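Let me begin by presenting the structure, written as structure tokens, before commenting on it.
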Amino acid sequence: MQEGLLPLFPLQVVLLPGSPLPLHIFEDRYKEMIGEVLRDKLEFGVVLASEKGIVNTGCTATVDRVLREYPDGRLDILTRGRRRFEILLLNDERTFLRGAVEFFDDDADKAEPAGPDLLQNVIAGYSQLQSIPSNDPLDPDDPRLSFRLAQDVPDLGFRQTLLTMRSEADRMRRIADFLPGYLERRRRTQHTKDVAGRNGHGHHQPE
């Protein structure tokens, strides 16, 4: 387990534990950072960046494999989310940002699993997304199933909220509350695309 400051990679991304994250590394400071990560088999922290700065809760990543190396030093890599952390102190002495962090997991006194009715409701709803590969079945006994399900939702605020929560049952309840509105928004968006694809036929008034 690595000691000291954690290298940080601010992105417009919320990485969740267990989730894959492909990255294209092209800035010199991140070439340097990922070079050290690969050499020493380290974790680095992915944190959500916004106009106001970076959030203080993120998820570490490790490099699963290097997909492509370019002559100019750029890299295509596949990473995967590992551990959640809170930033205690930022350090900018290097070309890339680092942080003193505290790792955390779910609270032991909130480790109860989601009830069977809640679990069935959430899994049934997520099946409507039609984006969970059939060769990667869901495990109802997975203690981090909520993170697996949230991989298919691009809403950054929702993902960040789940990342900070320290109870699997609470995360599943949050998903159950979020899901109906999200699916309805998806349906409306898809309907708009379908209508646009038909050039509005059936809705456009003749001139």
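Here, each number is a calculation from the coordinates, and none is a lab measurement. Just so we're clear, the structure is a prediction, and the values are computed from it rather than from any experiment. Ideal geometry is used to build each Cβ from the backbone, glycine not excepted, and the neighbour counts take in all protein chains shown.
Partners of K41 within straight-line reach, counting aspartates and glutamates whose Cα lies under 16 Å from its Cα and excluding those fewer than 8 residues away in the same chain: E3, E32, D64. Backbone amide hydrogens, once placed in the peptide plane, bring M165 within less than 5 Å of nothing, excluding anything fewer than 5 places away on its chain. Converting phi to 3J(HN,Hα) with the Karplus coefficients 6.51, -1.76 and 1.60 and the offset θ = phi - 60°, segment 79-92 yields 10, 9, x, 10, 10, 8, 8, 10, 7, 9, 7, 9, 9, 10 Hz in sequence order, with x at every glycine or proline.
Across the options I34, C59, L89, the greatest Cα extent toward the positive end of the charge dipole of segment 6-104 (unit charges at beta carbon of Lys, Arg, Asp, Glu) belongs to C59. Once the chain from V195 to A124 is taken as fully extended at 0.36 nm per residue, the excess over their C-alpha distance is 22.8 nm. Net charge near L78: determine it from the other residues with C-beta under 14 Å of the C-beta of L78, scoring Lys and Arg +1 and Asp and Glu -1. Charge balance near L78 sits at +1.
When Lys and Arg each count +1 and Asp and Glu each count -1, what net charge do the other residues less than 13 Å away from I54, Cβ to Cβ, add up to?
Details: positive: K52, R98; negative: E51, E86, D92.
Summing Lys/Arg as +1 and Asp/Glu as -1 gives -1.
Length gained on full extension, T161 to L88, computed as 0.36 nm times the residue gap minus the Cα-Cα distance: 24.4 nm.
Taking the Cα centre of segment 6-104 as origin and assigning +1 to Lys and Arg Cβ atoms and -1 to Asp and Glu Cβ atoms, the resulting dipole is close to 300 debye.
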